[in-house]
Amino acid sequence: MTTTETATEPTLRVYVYVWLGMLAIVAIEAVLVYAHVSSGMLLASLLVLAFLEAAVALRYFMHLRYEVPLLFWTLIPGLLLAFVMMNQFWADAARLNTLRFPIP
Amino acid sequence: MSDSAMTAGSMHGAAMEPSPFLITSRKLTMWLFIVADAATFGAILFGYGYLRFGSPNWTKPFTFSPNIINGLVMTVVLLTSSLTMLCGVAAAREGRSGATMKWLGATILLGVTFAVLHLREWTGMFHEGWSLSKNPMGGSVQVGALFFSITGLHLLHVISGVIAITVIAIGFRARKFTAGHVETTGLYWHFVDLVWMFVFPLLYLLNVR
């Protein structure tokens, strides 16, 4: 067995479609900001769209879709777990307000 | 010498167990770097979130024109540079040296354009009184500190990427580097693009007045 760079290559047309799709997501993000949605809803929507863009970039631009699945399972779940663990400290962010000295 | 031969067929490589990922060591190393760098950006973006949530006097400095328009143009420029990089990698794989140089040149030009637009925006903000420790709107000084720190770290990645692509392009033309080197550098460039997909909505779009 030899080591190869990638098994299959998408065509330029696929790349252009992906590029257009990502531009469309950016446009949706910009429109959402002026759609008068609540700040919580806006944050959630922007994060979902950003993760969607990132997933598309990883799969197509960074060719993760065309690599062996083991590469994905080795790299991505661990990274997501790290993000989930960082997510556990939000309660401390809320405590910042109560920990402040009063402004004279 | 092909990348396959460089990795598995030469010296002791032939006697070694093949990579379970079926990619070159160079590419795997870049992936490991990307994961580590993604964790770094993730940590500072989470940090930005905590500090923003914990700042009762947070101010929103951006308006549609010029900030968001400028940010959208920067996003289109960076996304397009990823497309030109993909074309450069494809041309390098097919051994078309002239086309590779053309596409990598376009990527470098777009990267420089992104950096210039970013620095122009920074200069405008400095003139308005923003800095790492000053907020001309009278709110939390952490607005400027976090904005310049996070976008500065990303800009550093863009500038590093432009330098790396330039070096790889010159080396590829001189036949010192292979298509595998171009692809690995492209992987880094796409990651820089991917990070911006989080920086732009979280730092710009969530801070529109």
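The values are calculated or read from the model by the stated rules, or taken from the named source; none is laboratory data. The structure presented is a predicted model; accordingly, all values stated were derived computationally and were not measured. Heads up, the Cβs are rebuilt from the backbone with ideal geometry, glycines too, and the neighbour counts pull from every protein chain shown. Ligands, DNA and RNA are stripped out before the accessible areas are found, and what is left, the full protein with its side chains, is counted by its heavy atoms. Shrake-Rupley method; radii C 1.70, N 1.55, O 1.52, S 1.80 Å.
The helices (runs of 4 or more DSSP H) falling completely within the stretch B:94-209 that include 3 or more residues that are open to solvent by 20 Å² or more (accessible area, probe 1.4 Å) and under 30 Å from residue A:96 (Cβ atoms) map to B:97-128, B:142-173.
Scanning the stretch A:57-101 for residues that are facing chain B (nearest Cβ under 9 Å), more than 19 Å from residue B:189 (Cβ to Cβ) and not in a helix (DSSP H, G or I) yields A:68, A:100.
So that you can scan it fast, the table gives a plain yes or no per residue for (1) farther than 20 Å from residue A:17 by Cα; (2) more than 9 Å from chain A (Cβ to nearest Cβ); (3) touching a strand residue (DSSP E or B) at 6+ places or on another chain (Cβ under 9 Å); (4) of a type in the set (Val, Ile, Thr):
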| position | (1), (2), (3), (4) |
| --- | --- |
| B:62 | yes, yes, yes, no |
| B:68 | yes, no, yes, yes |
| B:80 | no, no, no, yes |
| B:83 | no, no, no, no |
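Residues in the stretch B:154-209 that are out of contact with any helix residue (DSSP H, G or I) (no Cβ under 7 Å at 6 or more places or on another chain) and of a type in the set (Val, Ile, Thr): 3 in all.
Listed here are the residues, each with its yes/no results for (1) modelled with pLDDT of 95 or more; (2) within 9 Å of another protein chain (Cβ to nearest Cβ); (3) within 18 Å of residue B:79 (Cβ to Cβ).
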{"residue": "A:20", "(1), (2), (3)": "yes, no, yes"}
{"residue": "A:29", "(1), (2), (3)": "yes, yes, yes"}
{"residue": "A:34", "(1), (2), (3)": "no, yes, no"}
{"residue": "A:38", "(1), (2), (3)": "no, no, no"}
{"residue": "A:46", "(1), (2), (3)": "yes, yes, yes"}
{"residue": "A:51", "(1), (2), (3)": "yes, yes, yes"}
{"residue": "A:55", "(1), (2), (3)": "yes, no, yes"}
